[in-house]
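Peer 1: Submitted below is the structure of interest, expressed as structure tokens.
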Amino acid sequence: MATRQSVEEHLQQCEDAIRIAQEQYKKASMQEHLHDGQYTASMQMLEGAYNDIAKLALSCNGQQREQLHRMRLQLQQLQNEMILHDH
């Protein structure tokens, strides 16, 4: 069973990855191809966070699993937006 602390830590990491990716998305919208490496790195952070919480969800209770599922949806939505963004 995952501890409450480990779930909170993973959720915080996801929020950090989302914040960084959103910043890169905004920069890419304004500056086009100037920061492709950072853009790609932020997408990789999102993917890593997504995979980490998917693994963590296997050892969580129902409420924790629901929290992680909502976070995975947020991560996935941002990933999709970044993939489809024409930068």
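Values quoted throughout were computed directly from the atomic coordinates according to the rules given, and no laboratory measurement underlies them. Predicted model only: the values in this text are computed from it and were never measured. Glycine gets a Cβ as well: all are built from the backbone with ideal geometry, and neighbour counts include every protein chain shown.
Peer 1: Being touching a helix residue (DSSP H, G or I) at 6+ places or on another chain (Cβ under 7 Å) and of a type in the set (D, E, K, R) is the filter; apply it to region 48-80 and report the residue that is surrounded by the fewest Cβ atoms within 10 Å (Cβ to Cβ).
Peer 2: Checking each candidate, the answer is ASP52.
Peer 1: Scan region 35-50 and report the pairs whose first residue is in contact (Cβ under 8 Å) with a residue 24 or more places away in the chain and whose second residue is loosely packed, with under 14 Cβ neighbours inside 10 Å, with Cβ atoms within less than 7 Å and a gap of 6+ or a chain change.
Peer 2: From region 35-50, the pairs are TYR50/GLN76.
Peer 1: Every residue in region 51-87 that is under 20 Å from ALA28 (Cβ atoms) and free of Cβ contacts under 8 Å to residues at least 12 places away in the same chain, please.
Peer 2: GLN77, ASN80, LEU84, ASP86
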